[in-house]
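Just so you know, all these numbers are worked out from the coordinates, no wet-lab data involved. Model, not experiment: these values are computed from the prediction. Every residue, glycine among them, receives a Cβ derived from its backbone with ideal geometry; neighbour counts consider all protein chains shown.
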Amino acid sequence: MHGDLRPPTSHQLYPLVAGMETQDAKDELRRAIRHQRETRSQRLREQAAAAFADVLSTFPAMQEARTVATYASRPAEPSTSHLLDQLSDRGVRILLPVLGAGLARDWAEYAGRDDLLERAPGRPPEPGGPTLGTAAITEADVVIAPALAVDTSGTRLGQGGGWYDRSLKQLAPQVPVIAMIFPEELYDADTRPLPAQSHDVRVHAVATPDGWSEVTAP
């Protein structure tokens with residue numbers, strides 16, 4: 001399933017205009033993509049979830065990984081449900097984000113679907129085991145990062161909190177970071193670059209239900 005993923009040539013959201021402030025451009029694109037995601041049917045989301053797991057299983061580093069840091073998806077996001085099952089069945093140690101003390105973000109080990117609950121209003125599902133500290137991500141052999149969009153240079157548009165960027169900066173350079181997005185959320189960096197700021201961390205590869213591809217940093 002490895003392939004040269006190509007950004008779609010039509011019907012792609014890009015509500016950005018020349019002269020926009022970077023933060024305003026990010027916020028505008030986030031609103032548009034979130035709205036588009038909400039219109040995807042449950043049937044299509046479930047089909048994509050199975051395809052994502054199959055695609056990621058062909059990524060070489062995933063085949064050898066003993067610890068994977070990923071995320072528990074919300075309903076409209078690219079679903080990690082099948083991926084979590086697949087990794088768990090293989091005996092892979094899975095790290096998921098959790099809400100730590102105060103509003104601090106942390107990591108905990110995935111212990112199965114029954115342990116994955118919404119533990120705070122509006123939060124993604126989280127495991128209930130002990131927190132491991134923010135540096136636990138450095139134990140991962142591969143990181144599967146959530147994203148709203150990615151361009152072909154590896155620029156990732158996140159949810160806006162900045163926590164993933166801070167976490168990814170802790171990784172050793174050789175640890176691959178793969179962003180999961182829907183096909184229409186892959187943008188051509190030459191013609192439709194995503195807005196980026198100095199703190200943004202580029203990803204190494206992108207996965208869609210159609211396949212995965214490494215990205216080329218400028």
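Treating r as the C-beta distance of T58 and T216 and R0 as 25 Å, the FRET efficiency rounds to 0.80.
Among beta bridges from DSSP that stay inside the chain, the antiparallel ones total about 45%. Placing pseudo-labels 7 Å out from each Cα toward the beta carbon at T22 and S88 gives an inter-label distance of 3.9 nm.
Longest span of the chain, sites excluded, free of GluC sites (Glu not before Pro) in DSSP loop with at most 13 other C-beta atoms within 10 Å? If you can, show how the numbers build up before the last one.
On the way: sites that count: E21, E118.
No qualifying site falls inside 119-218, the longest such stretch.
Shape analysis of region 43-214 yields a ratio of the Cα radius of gyration to the Kirkwood radius, Rg/Rh, of 0.93. Only helical runs count toward this figure. For the chain, summing -39,500 (n - 2.57) over DSSP H runs of n ≥ 4 and dividing by all residues gives -7000 deg cm²/dmol at 222 nm.
Within region 152-200, report the trypsin sites (Lys or Arg not before Pro) that DSSP leaves as loop and that have at most 12 other Cβ atoms within 10 Å. Intermediate values should be presented prior to the final figure.
Values: sites: R156, R166, K169; in loops: K169.
Qualifying residues, ordered by number: K169.
Taken one residue at a time, the phi angles of region 169-185 give Karplus couplings (6.51, -1.76, 1.60, θ = phi - 60°) of 5, 7, 6, 5, x, 7, 7, x, 10, 10, 9, 9, 9, 7, x, 6, 9 Hz. Gly and Pro are set to x.
Using θ = phi - 60° in the Karplus curve 6.51 cos²θ - 1.76 cosθ + 1.60, the 3J(HN,Hα) couplings for region 11-22 round to 6, 10, 5, 7, x, 9, 10, 4, x, 5, 5, 4 Hz; x is entered for Gly and Pro.
Taking the Cβ of each residue in F52, F59 as the centre, tally the other Cβ atoms inside 10 Å and list the residues starting with the fewest. Write down the numbers at each step before the final one.
Details: F52 26, F59 20.
Fewest-to-most ranking of F52, F59: F59, F52.
Ranked for footprinting exposure by Cβ neighbours inside 10 Å, fewest first, R34, R93 give R34, R93.
Summary value for the chain: 24 percent relative contact order, contacts being C-alpha pairs under 8 angstrom separated by 6+ residues. For region 90-170, a simple Cβ point-charge model (Lys and Arg +1, Asp and Glu -1, everything else neutral) yields a dipole of about 120 debye relative to the Cα centre.
Using Cα atoms only, what is the angle between the long axis of helix 42-56 and the major principal axis of the chain, expressed in degrees (0 to 90) to the nearest 10? On a 0 to 90 degree scale, this one is about 80. When +1 charges are put on Lys and Arg Cβ atoms and -1 charges on Asp and Glu Cβ atoms, the dipole computed for region 65-130 relative to its Cα centre reaches about 160 debye. When +1 charges are put on Lys and Arg Cβ atoms and -1 charges on Asp and Glu Cβ atoms, the dipole computed for the chain relative to its Cα centre reaches about 320 debye. Converting phi to 3J(HN,Hα) with the Karplus coefficients 6.51, -1.76 and 1.60 and the offset θ = phi - 60°, region 65-79 yields 5, 9, 9, 10, 9, 9, 9, 8, 6, 7, x, 8, 7, x, 7 Hz in sequence order, with x at every glycine or proline.
Take the Cα of T9, step 7 Å toward its Cβ, do the same at R192, and the gap between the two points is 1.3 nm. Between A135, A51, P75, the Cα set farthest toward the positive side of the dipole of region 43-214 (charges on each charged residue's Cβ, about the Cα centre) is that of A135.
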